[in-house]
Amino acid sequence: PGTLDLIREWFRTYKIPDGKPPNKFAFEERFLPASFAHKIIHETHEEWKHLVGAQEDGSDLSQGLFLPGKDKLNCSTVERDTKIIRNLSETNLAAMG
């Protein structure tokens with residue numbers, strides 16, 4: 001009990017020692033369900049695919065951003081990155097400092 005509140009408080013205050021103001025949170029600081037996060041991730045990924053596709057067909061939707069072409073994104077890269085993220089999430093990040 002209280003773990004989520006402690007995590008939120010850490011995200012609120014971790015920049016203060018650098019002279020920055022505390023972070024603020026949306027949704028009246030309520031915790032939202034995982035389904036909400038999954039929806040945002042899906043929407044963001046669809047927009048990213050749209051930008052990459054537009055860059056490849058010559059459209060000017062990249063707005064000066066460098067986006068890797070689909071040839072640079074192969075399954076092994078995605079699988080590797082997924083494994084790294086999973087390993088990090090399983091690690092006790094608080095113990096890392």
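For beta carbons closer than 6 Å, sequence separation of 6+ or different chains, a first residue in the stretch 1-21 that is under 14 Å from F31 (Cα atoms) and a second that is modelled with pLDDT under 95 and not polar (S, T, N, Q), the qualifying pairs are L4/F31.
Candidates are the residues of the stretch 28-48 that are among the β-branched types (V, I, T) and open to solvent by 80 Å² or more (accessible area, probe 1.4 Å); the one that is nearest to P1 (Cα to Cα) is I41.
What about E43, is it assigned to a helix (DSSP H, G or I), of a type in the set (D, E), modelled with pLDDT under 75 and within 17 Å of the chain's Cα centre (by Cα)? The answer is no for E43. Inspection of the stretch 8-17 identifies no residue that is surrounded by 10 or more Cβ atoms within 10 Å (Cβ to Cβ), in a loop (DSSP other than H, G, I, E, B), at pLDDT 80 or above and touching a helix residue (DSSP H, G or I) at 6+ places or on another chain (Cβ under 7 Å). The set of residues in the stretch 16-27 being out of contact with any Lys or Arg (no Cβ under 8 Å at 6 or more places or on another chain) and within 15 Å of L4 (Cβ to Cβ) consists of F27 alone. For N23, the conditions (1) open to solvent by 70 Å² or more (accessible area, probe 1.4 Å); (2) outside any helix (DSSP H, G or I); (3) in contact with a Phe, Trp or Tyr (Cβ under 7 Å, 6 or more places away or on another chain) all hold with the exception of (1).
The values are calculated or read from the model by the stated rules, or taken from the named source; none is laboratory data. Only a predicted model underlies this, so the values are computations on that prediction, with no experimental measurement involved. Quick reminder, even Gly has a Cβ in these numbers, built from the backbone with ideal geometry, and neighbours come from all protein chains shown. Ligands, DNA and RNA are excluded from the accessible area calculation, which covers all protein heavy atoms including side chains. Shrake-Rupley method; radii C 1.70, N 1.55, O 1.52, S 1.80 Å.
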